[in-house]
1. Can you work out the Karplus-derived ³J(HN,Hα) for every residue in segment 210-220? Use 6.51 cos²θ - 1.76 cosθ + 1.60 with θ = phi - 60°, whole Hz, and x for glycine or proline.
2. Count the net charge of all other residues whose Cβ sits under 10 Å from the Cβ of residue 294, scoring Lys and Arg as +1 and Asp and Glu as -1.
3. Below 13 angstrom from the Cβ of residue 192, what's the summed charge of the other residues (Lys, Arg +1; Asp, Glu -1)?
4. Considering amide H positions built from the backbone, and no H for Pro or chain starts, which residues 5 or more places from residue 66, or on another chain, come under 5 Å of its amide H?
5. Roughly how big is segment 160-229's charge dipole about its Cα centre, with Cβ charges of +1 (Lys, Arg) and -1 (Asp, Glu), in debye to the nearest 20?
6. Report the local net charge at residue 173: Lys and Arg +1, Asp and Glu -1, summed over other residues whose C-beta lies under 12 Å from its C-beta.
7. On a 0 to 90° scale, report how tilted helix 2-18 is relative to the longest principal axis of the chain, with both axes built from alpha carbons and the result rounded to the nearest 10.
8. Collect residues whose amide H, placed 1.01 Å from N in the peptide plane, falls under 5 Å from the amide H of residue 236; neighbours closer than 5 in sequence don't count.
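No value in this document is a laboratory result; all are computed from the given coordinates. Only a predicted model underlies this, so the values are computations on that prediction, with no experimental measurement involved. Ideal geometry is used to build each Cβ from the backbone, glycine not excepted, and the neighbour counts take in all protein chains shown.
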Amino acid sequence: MILNRRTILMGAAAGALAAPFIRPGAARAAEFTMKLANNQPMTHPTNIRAAEAVAAIAEESGGRVDVQVFPSNQLGADTDVLSQLRAGGVEFFLLSPIILSTLVPNASINGVGFAFPDYDTVWSAMDGDLGAYERSEIEKAGLVVMDRIWDNGFRQTTSSTRPIVTPEDFEGFKIRVPVSPLWTSMFTAFGAAPTSINFAEVYSALQTGVVDGQENPLAIMQTAKLWEVQEFASMTNHMWDGFWLLGNRRAWQALPEDLQEIVAKHFNEAGMNQRADVMAMNQTLRDDLEAEGFVFNEVDPVPFEQKLRDVGFYAEWKKNYGDEAWAILEAAVGRPLA
């Protein structure tokens, strides 16, 4: 059922990229034509549901709103597109809050290493007080943000050299991380050698040996075919990450209120559906990736969390985020970290 629906929606998504929506029965283009960028491949649930959302927006708005989807970093690397979003060259952008922290420092608090034990805790936090806190910080920076965060998933570690089983296995390990101080800080705390590289360049960096490994959710490993340049997959679950659907404030305010409601409704519904898709995908991804050649191993998170506590990682980030934000995080995960 999921695969059939995915195939159908991929066709719709490809059509959305080909041309702006034309009002049914009319000879002129939509009243509002906007761009939605992201860094996910076309086959990822993010773009399947994005295509579904923009089709629904066009239909319910009577053709007044046409949102064109640009996947796979087509409009540039994440940091470049964030600049375009702020300038108005892109109207919407699905972006990890951890990468967004280059602009909104406290947006990354959900990515604190080994904080979330499971998805129930994630969604309670991100649909609750922690998500509300992050959105308030994002809005202070002049951006619009939808209510529901989309799922990127728990992040796992891959390697071309050795499996990661204990914190000591990270020592001297050259690992690609996104452009964010939180990632760099965590892997440095483990004694690794993190290198910030935009996702569009990850495959080639792994292929040429610039780095030994990388970390991402399983869905991204599959759609980006990372098994071709990696061998070991360690289920570290070291961070949970999502995608906030961000908007340019001037473009958003130019939409009449009724159109804002239509756009927000369908983007939020798409986010909820995308979460379910990623959950379903995760149930089969490990088998699929093992069939492609990945060698998997389980990881006990307790020694990793203790290592971060011992070296002062949590204490440092509590200071960086501030007492208020840290208290919201600890309440959300149900235990003290620092």
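1. Coupling constants for segment 210-220: 4, 10, 7, x, 8, 9, 6, x, 4, 4, 6 Hz.
2. Numbers: positive: 286; negative: 231, 288, 290, 292.
Taking every other residue near residue 294 into account, the sum is -3.
3. Details: positive: 162, 174, 176, 307; negative: 168, 169, 171, 212, 215.
Value of the local net charge: -1.
4. Excluding prolines and chain starts, which carry no amide H, the hits are 32, 33, 34.
5. On the way: 4 positive and 7 negative charges, 29 e Å.
Around 140 debye, computed over segment 160-229.
6. The answer is -2.
7. Its long axis makes an angle of about 60 degrees.
8. Those qualifying (amide H under 5 Å, at least 5 residues apart or on another chain) are 157.
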